[in-house]
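Asker: Please read through the structure below; I'll follow up with questions.
The values are calculated or read from the model by the stated rules, or taken from the named source; none is laboratory data. Predicted, not measured: the structure shown is a model, and the values here were computed from it. Virtual Cβ from ideal backbone geometry, glycine too; neighbours counted across all protein chains shown. The area values use the complete protein model at the heavy-atom level, side chains included, leaving out ligands, DNA and RNA. Shrake-Rupley method; radii C 1.70, N 1.55, O 1.52, S 1.80 Å.
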Amino acid sequence: MNNTSYIPTFLILTLVLLVCVLANLSLGSVAIPIKDVIASLTGSEVSKSSWEYIIVDYRLPKAITAIIAGSGLAVSGLLMQTLFRNPLAGPFVLGISSGASLGVALYILGGTALGLSTALLSGKWGLIIAASAGSFLVLLMVIGVATRVKDTMALLIIGLMVGSLTSAVVSVLAYFSKAEELQRFVFWSFGSLGDLSWNGVGILALCFSAGLVLSITSIKSLDSFLLGDAYARTLGTRFSRSRLLIIIATSLLAGSITAFAGPIAFIGLAVPHLIRQVIKTTKHIILLPAVIMGGAILMLICDTIAQVPFSEFTLPINAISAMVGAPVVIWLLVRKKKLLF
């Protein structure tokens, strides 16, 4: 199939994405009519001033965060599944999420367990800086290992070992921490899309853009990696440089999203598989934009469910993403009777 044959599919995905954005902005503890949502976005007069405040200052930054987080994690998953040629690989196989968790654990739980003071960094920015620092340190280690280890599967195993090691340290810190600190860490691990101001969304968008640009420049290399390392080298692919670029892109995307929104599982693993069921191609110039839109759609649906429309409750986004997405993937695989990869 040529590239233009996918245009109807992309038009449908765009329409679904727009519907999901409007539904996400409209539904919540306060139900706002769609016409007032559109009026608020276009600068027209809104029926109630409080509705405009809710949309502009709370729901719109949360919806943009959901789009960035879903798209970024889905792209990270696609990059890792192609690089490792493993359908079970996800954005966090390199230990990036574990590094962020360790940074936050040291920030929240280290005050008691290690006698560290958290007075210098307070509030949510302290959490973001701690998570970013943890992800960055793991990124430096992964890049250092990637320049020495030539075997891609060995790099995958090293990433999993880093994740296990950091999880063990977090468990030790949790064991010696106070109940209030442990509760705060557990709440961070639930993930949250609604805690970012416009400044936070802007910084997250910059990190996302940088990771996305690196991903786009790696499209040709990704196509060649699917043919095998040896064949990729015969096609003229600069293997080590391309692998390093893909790792940095994944780390930028997954690390920044985890730092700002907490660990959000499942999206990165599932969305590439869902998209492959709809768009049967191995060309990453088609898969990449489709995965971006698919990740945004799934995350917006999960966030709309998590905010429990017409009630004051908000459920953990990390749990909802798995509860919504896992049955869909299972149903698709049972229906198709084959994993397309």
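Asker: Could you tell me which numbered condition PHE187 fails, if it satisfies all but one of (1) at pLDDT below 80; (2) open to solvent by 70 Å² or more (accessible area, probe 1.4 Å)?
Answerer: (1)
Asker: On to the next question. Could you figure out which of (1) among the acidic types (Asp, Glu); (2) over 21 Å from ASN318 (Cα atoms); (3) not in a helix (DSSP H, G or I) isn't true of ASP195?
Answerer: Here ASP195 clears every test but (2).
Asker: Does ILE275 fit the bill of being within 22 Å of PHE187 (Cβ to Cβ), at pLDDT 85 or above, part of a helix (DSSP H, G or I) and within 18 Å of the chain's Cα centre (by Cα)? Let's see the steps before the verdict.
Answerer: Details: within 22 Å of PHE187 (Cβ to Cβ): no; at pLDDT 85 or above: yes; part of a helix (DSSP H, G or I): yes; within 18 Å of the chain's Cα centre (by Cα): yes.
The answer is no for ILE275.
Asker: Right, another one. Please return the ranges of helices (runs of 4 or more DSSP H) entirely within region 93-165 where 2 or more residues are at pLDDT below 75 and more than 26 Å from ARG241 (Cβ to Cβ). Spell out the reasoning first.
Answerer: On the way: elements: 96-108, 110-113, 123-148.
The helices (runs of 4 or more DSSP H) meeting that bar are 110-113, 123-148.
Asker: Moving to a separate point now. Just one of (1) open to solvent by 40 Å² or more (accessible area, probe 1.4 Å); (2) within 27 Å of the chain's Cα centre (by Cα) trips up THR82, so point out which.
Answerer: That leaves (1) as the condition not met.
Asker: Here's another thing I want to ask about it. How many residues does region 190-208 hold that are open to solvent by less than 60 Å² (accessible area, probe 1.4 Å) and touching a residue at least 60 places away in the same chain (Cβ under 8 Å)? Outline the logic, then answer.
Answerer: To start, the set of residues in region 190-208 that are open to solvent by less than 60 Å² (accessible area, probe 1.4 Å) comprises 191-194, 196-197, 200-202, 204-205, 207-208.
Adding the requirement that they be touching a residue at least 60 places away in the same chain (Cβ under 8 Å) leaves 191-194, 196-197, 200-201, 204-205, 208.
Residues that pass the stated criteria total 11.
Asker: Here's a follow-up. Exactly one condition in (1) open to solvent by 30 Å² or more (accessible area, probe 1.4 Å); (2) within 23 Å of the chain's Cα centre (by Cα) is not met by ILE247; state its number.
Answerer: Failing condition for ILE247: (1).
Asker: Please enumerate the residues belonging to region 27-72 that are acidic (Asp, Glu) and either open to solvent by 50 Å² or more (accessible area, probe 1.4 Å) or assigned to a loop (DSSP other than H, G, I, E, B) (or both). I'd like the intermediate steps shown before the answer.
Answerer: Here is the first cut: in region 27-72, the ones acidic (Asp, Glu) are 36, 45, 52, 57.
Passing the criteria: GLU45, GLU52, ASP57.
Asker: All but one of (1) modelled with pLDDT of 90 or more; (2) part of a loop (DSSP other than H, G, I, E, B) hold for ASN24; state the number of the condition that does not hold.
Answerer: Of the numbered conditions (1) modelled with pLDDT of 90 or more; (2) part of a loop (DSSP other than H, G, I, E, B), the odd one out for ASN24 is (2).
Asker: Can you tell me how many residues in region 209-220 are open to solvent by 20 Å² or more (accessible area, probe 1.4 Å) and under 11 Å from SER242 (Cα atoms)?
Answerer: 4
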